[in-house]
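Q: This is the structure I have questions about; it appears just below.
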Amino acid sequence: MPHITNVMICTCTNCISNGALDIKDSLEAEIKQQGLQDDVLVVPTGASGLCVNGPILIVQPDGIFYQKLKSKDIANLVEEHFLKGRPVKKLMYVPPGEESPIPELRSIPFFKDQRLIALRNRGVIDPDRIDEYIARDGYKALAKAVTSMSPEEVIKEISDSGLRGRGGAGFPTGRKWESRRKDTRTPKYVVCNADEGDPGAFMDRSIVEADPHSVIEGMAIGAYAVGASSGYVYIRIEYPLAVKRIQKAIEQAREYGLLGKDIFGSGFDFDLQVFKGAGAFVCGETTALVASIEGRIPEPRQRPPRTTLWGKPVVINNVETWANVPVIISWGAKWFSEIGTEKSKGTKVFSLAGNINNAGLVEVPMGITLREIVYNIGGGIPRNKEFKAVQTGGPSGGFIPAGFLDLPVDYERLAEAGSMMGSGGMVVMDEHACMVEMARYFVAFTNDESCGKCTSCREGSYALLGILNRICKGEGKEGDIELLEELGEAIRDASQCGLGQSLPNPVLSSLRHFRDEYEAHINEKRCPAGVCKALIRYTIDEEKCTGCTRCAKNCPQEAIIGEPKQPHKIIEEKCIKCGVCMDACKFDAVTVV
């Protein structure tokens with residue numbers, strides 16, 4: 001049998017936006033032109049994880065990792081690698097601050113320190129081909145559950161595993177399923193919450209794009225356990241690629257008899273459909289999501305009573321939770337529970353974003369420290385800047401300062417630090433981040449996304465934002481800090497849903513850890529990070545400036561003057577304080593006063 005080389009090309013949303021489909025077409029054309037079509041197979045995959053460096057191509061079975069590809073690179077790549085057997089070093093990954101590339105994916109620190117469960121199939125299967133999922137033991141767990149386990153045994157396995165909901169609150173999954181199992185009302189439903197709207201978050205979307213059948217299989221197992229016959233994948237219409245792939249996967253599962261009537265001859269009936277949300281952030285909240293499916297205004301409601309769909313029992317879990325279920329059934333609760341910490345079992349998927357060298361999708365064991373994620377996997381902070389803080393849990397989360405870098409990441413420890421696990425957003429900030437402005441940014445987001453139903457959230461967020469706007473403009477006054485704290489506590493205590501209850505977290509956590517920055521803004525009319533435009537001005541250090549003209553060429557206002565090879569100067573009246581000059585300067589000559 002001839003040796004086949006598989007060229008795995010990432011076709012996630014990010015890589016496609018960077019030209020991955022053009023790369024794929026160029027690859028296939030060049031391979032055919034060189035007569036290699038019988039020896040080299042091009043396979044489109046979902047996100048491989050490090051897609052900020054996309055388009056990405058992984059050559060198997062050797063695991064050679066190529067990144068940042070352009071169509072012009074393809075002819076040389078095919079000739080050198082596939083004809084002459086010489087991998088092209090200039091297209092490989094180079095660690096930050098180093099010069100030598102790392103050829104193999106398994107040797108790149110970003111990948112080798114991860115533990116994949118929910119992301120087990122990322123970058124290795126074509127998400128549009130159900131056969132490839134089945135070839136990696138797909139639907140084996142569903143077969144095991146419906147043919148050799150009772151619903152109660154399935155629920156016990158999930159309970160014993162310690163799996164907690166990965167959508168934010170961390171409620172024990174087995175306990176949720178058991179309560180719905182005991183509810184005698186019918187019909188019952190299961191729902192996948194894929195309405196991921198946090199800034200900087202792309203975990204659930206990436207799982208659906210890369211491995212949609214893992215979600216379908218998990219939902220089918222959950223439906224069997226609780227006695228449901230119907231389900232919905234609630235996904236926002238803003239994710240067209242994810243919508244397309246989950247719809248196709250559902251159709252394929254039906255064709256194979258894995259959805260529909262009498263699955264595996266067990267008498268179990270279950271089917272799924274996709275419900276496309278309009279993109280409102282509040283629809284990620286359980287009761288608002290249900291209202292949206294039912295055709296009502298998607299506003300949260302007070303609980304109890306327990307959430308129902310059309311007055312009937314419903315189990316709602318997020319994408320990552322469902323993707324874990326088949327592995328637990330296949331490998332066992334004991335295996336899963338041995339990963340992680342005492343109260344936080346298994347792994348967690350994070351979207352690592354912000355000021356970090358290796359931004360991307362990561363899956364790590366619970367209990368790993370922030371330092372390991374930021375430096376071992378994330379590759380540290382670009383341009384030798386200092387780490388300042390990390391924000392976890394999306395706009396509802398909090399800021400964790402550098403002094404907490406050795407904090408183990410699990411539900412309890414993040415909450416103790418003033419933040420939360422949330423769905424898994426993790427935004428890293430360097431020394432140039434202004435924590436007052438960051439708090440203002442997230443409050444502005446949640447203020448826009450508030451449904452407006454309860455006064456505490458609607459008016460409280462508006463009042464919080466007004467105070468923060470004043471402080472960032474240099475108009476803060478004595479008593480503002482105390483007012484922010486009092487108002488934040490009131491909003492948290494009086495709001496109905498999780499959005500309002502967690503809305504003040506960015507403000508309260510930044511006040512807890514970075515109070516001095518608020519005091520500098522208010523008392524000294526100074527932004528220590530050099531971000532708030534009303535409180536800063538840009539200057540050029542004549543001793544450091546080489547007159548390279550990069551700052552002048554990039555300035556959108558033509559506010560920089562100077563002759564080549566001579567020190568330049570910024571005309572303050574024309575400067576809009578955009579920071580482009582600082583980013584362009586390679587000699588750290590541009591400074592903020």
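The values are calculated or read from the model by the stated rules, or taken from the named source; none is laboratory data. Everything numeric in this text was worked out from a predicted model, so none of it was measured. When we count neighbours, we look across all protein chains shown, and the Cβ atoms used for this are built from the backbone with ideal geometry, even at glycine.
Q: Do you know which of the residues in segment 40-79 that are of a type in the set (A, V, I, L, M, F, W, C) and part of a loop (DSSP other than H, G, I, E, B) is surrounded by the most Cβ atoms within 10 Å (Cβ to Cβ)?
A: Narrowing segment 40-79 to residues of a type in the set (A, V, I, L, M, F, W, C): 40-43, 47, 50-52, 56-59, 64-65, 69, 74-75, 77-78.
When the remaining residues are screened for being part of a loop (DSSP other than H, G, I, E, B), the result is 47, 50, 56, 69.
Working: Ala47: 28, Leu50: 24, Ile56: 31, Leu69: 25.
Of everything passing the filter in segment 40-79, Ile56 is surrounded by the most Cβ atoms within 10 Å (Cβ to Cβ).
Q: Output the number of the condition that Glu572 fails; it satisfies all remaining conditions of (1) under 30 Å from Glu449 (Cβ atoms); (2) surrounded by fewer than 15 Cβ atoms within 10 Å (Cβ to Cβ).
A: Answer for Glu572: the failing condition is (1).
Q: Can you tell me how many residues within segment 418-429 are touching a strand residue (DSSP E or B) at 6+ places or on another chain (Cβ under 6 Å) and either farther than 13 Å from Phe399 by Cβ or buried (at least 22 other Cβ atoms within 10 Å of the Cβ) (or both)?
A: Of the residues in segment 418-429, 7 are touching a strand residue (DSSP E or B) at 6+ places or on another chain (Cβ under 6 Å) and either farther than 13 Å from Phe399 by Cβ or buried (at least 22 other Cβ atoms within 10 Å of the Cβ) (or both).
Q: Restricting to segment 21-39, name every residue that is in a helix (DSSP H, G or I) and in contact (Cβ under 8 Å) with a residue 40 or more places away in the chain. Working first, answer last.
A: So the first thing to find is which residues in segment 21-39 are in a helix (DSSP H, G or I), and the list is 21-33.
Selection gives Asp22, Ile23, Ser26, Leu27, Glu30, Ile31.
Q: Here is a further query. Which of the residues spanning segment 381-400 are surrounded by fewer than 20 Cβ atoms within 10 Å (Cβ to Cβ) and touching a strand residue (DSSP E or B) at 6+ places or on another chain (Cβ under 9 Å)? Talk me through it step by step, then tell me what you get.
A: So in segment 381-400, the residues surrounded by fewer than 20 Cβ atoms within 10 Å (Cβ to Cβ) come out as 382-386.
Across segment 381-400, the qualifying residues are Pro382, Arg383, Lys385, Glu386.
Q: Select from segment 575-586 the residues that are surrounded by fewer than 15 Cβ atoms within 10 Å (Cβ to Cβ) and part of a loop (DSSP other than H, G, I, E, B) and list them in ascending order.
A: Across segment 575-586, the qualifying residues are Ile576, Lys586.
Q: For Glu519, state whether it is assigned to a helix (DSSP H, G or I) and farther than 22 Å from Pro382 by Cβ.
A: Spelling it out, Glu519 is indeed assigned to a helix (DSSP H, G or I) and farther than 22 Å from Pro382 by Cβ.
Q: Hey, any hits in segment 457-472 for a residue that's closer than 25 Å to Ile570 by Cβ, at pLDDT 95 or above, touching a helix residue (DSSP H, G or I) at 6+ places or on another chain (Cβ under 8 Å) and not assigned by TED's automatic domain parsing to the domain that holds Pro395? I'd like the intermediate steps shown before the answer.
A: Of the residues in segment 457-472, the ones closer than 25 Å to Ile570 by Cβ are 472.
Keeping just the survivors that are at pLDDT 95 or above gives 472.
Still in the running and touching a helix residue (DSSP H, G or I) at 6+ places or on another chain (Cβ under 8 Å): 472.
Restricting the remaining residues to those that are not assigned by TED's automatic domain parsing to the domain that holds Pro395 gives 472.
So far as segment 457-472 goes, yes, one or more of its residues are closer than 25 Å to Ile570 by Cβ, at pLDDT 95 or above, touching a helix residue (DSSP H, G or I) at 6+ places or on another chain (Cβ under 8 Å) and not assigned by TED's automatic domain parsing to the domain that holds Pro395.
Q: So, in segment 540-565, exactly how many residues are more than 37 Å from the chain's Cα centre (by Cα) and not in a loop (DSSP other than H, G, I, E, B)? Don't jump to the end; show me each part of the working.
A: Applying the first criterion (more than 37 Å from the chain's Cα centre (by Cα)) to segment 540-565 yields 540-549, 558-565.
When the remaining residues are screened for being not in a loop (DSSP other than H, G, I, E, B), the result is 540, 560-561.
Total meeting the criteria: 3.
Q: Next up: With the condition kept exactly as written, say whether any residue in segment 362-371 is more than 25 Å from Leu163 (Cα to Cα), out of contact with any Cys (no Cβ under 9 Å at 6 or more places or on another chain) and either surrounded by fewer than 20 Cβ atoms within 10 Å (Cβ to Cβ) or acidic (Asp, Glu) (or both).
A: First, the residues of segment 362-371 that are more than 25 Å from Leu163 (Cα to Cα): none.
No, the conditions are met nowhere in segment 362-371.
Q: If Glu517 satisfies every condition in (1) of a type outside the set (S, T, N, Q); (2) without any contact (Cβ under 8 Å) to a residue 40 or more places away in the chain; (3) within 30 Å of Pro506 (Cβ to Cβ); (4) in contact with a Pro (Cβ under 8 Å, 6 or more places away or on another chain) but one, which is the exception?
A: Glu517 satisfies every listed condition except (2).
Q: Quick check on my filter: what residues within segment 355-397 are in a strand (DSSP E or B), closer than 27 Å to Cys10 by Cβ and touching a Leu at 6+ places or on another chain (Cβ under 9 Å)?
A: Within segment 355-397, Gly360, Leu361, Val362, Glu363, Val390, Thr392 qualify.
Q: If we scan segment 90-100, do we find a residue that is over 30 Å from Met366 (Cα atoms) and of a type in the set (Val, Ile, Thr)?
A: no
Q: Only one of these conditions is not met by Asn357: (1) out of contact with any strand residue (DSSP E or B) (no Cβ under 9 Å at 6 or more places or on another chain); (2) assigned by TED's automatic domain parsing to the domain that holds Glu152; (3) modelled with pLDDT under 95. Which number is it?
A: (2)
Q: Sort through Phe82, Phe111 and tell me the only one that's buried (at least 18 other Cβ atoms within 10 Å of the Cβ), within 30 Å of Arg164 (Cα to Cα) and modelled with pLDDT under 95.
A: So the residue among Phe82, Phe111 that is buried (at least 18 other Cβ atoms within 10 Å of the Cβ), within 30 Å of Arg164 (Cα to Cα) and modelled with pLDDT under 95 is Phe111.
Q: Before we move on, is Gly97 out of contact with any Gly (no Cβ under 6 Å at 6 or more places or on another chain), small (Gly, Ala, Ser) and surrounded by fewer than 16 Cβ atoms within 10 Å (Cβ to Cβ)?
A: The answer is yes for Gly97.
Q: Something else about it: How do the strands (runs of 3 or more DSSP E) wholly within segment 237-354 filter down when requiring 3 or more residues that are crowded, with 18+ Cβ neighbours inside 10 Å: which remain?
A: The strands (runs of 3 or more DSSP E) meeting that bar are 268-277, 312-318, 347-354.
Q: From Thr186, Thr173, grab the single residue that is of a type in the set (Val, Ile, Thr), surrounded by fewer than 19 Cβ atoms within 10 Å (Cβ to Cβ) and within 27 Å of Arg306 (Cβ to Cβ).
A: The match here is Thr186.
Q: Follow-up. Would a scan of segment 571-586 turn up a residue that is more than 23 Å from Ala529 (Cα to Cα) and basic (Lys, Arg)?
A: The first filter runs over segment 571-586 and keeps only residues more than 23 Å from Ala529 (Cα to Cα), leaving none.
No: zero hits.
Q: Is it fair to say Ser502 is touching a residue at least 40 places away in the same chain (Cβ under 8 Å), touching a strand residue (DSSP E or B) at 6+ places or on another chain (Cβ under 6 Å) and not assigned by TED's automatic domain parsing to the domain that holds Phe387? Talk me through it step by step, then tell me what you get.
A: Numbers: touching a residue at least 40 places away in the same chain (Cβ under 8 Å): yes; touching a strand residue (DSSP E or B) at 6+ places or on another chain (Cβ under 6 Å): no; not assigned by TED's automatic domain parsing to the domain that holds Phe387: yes.
No; evaluated as a whole, the condition is false for this residue.
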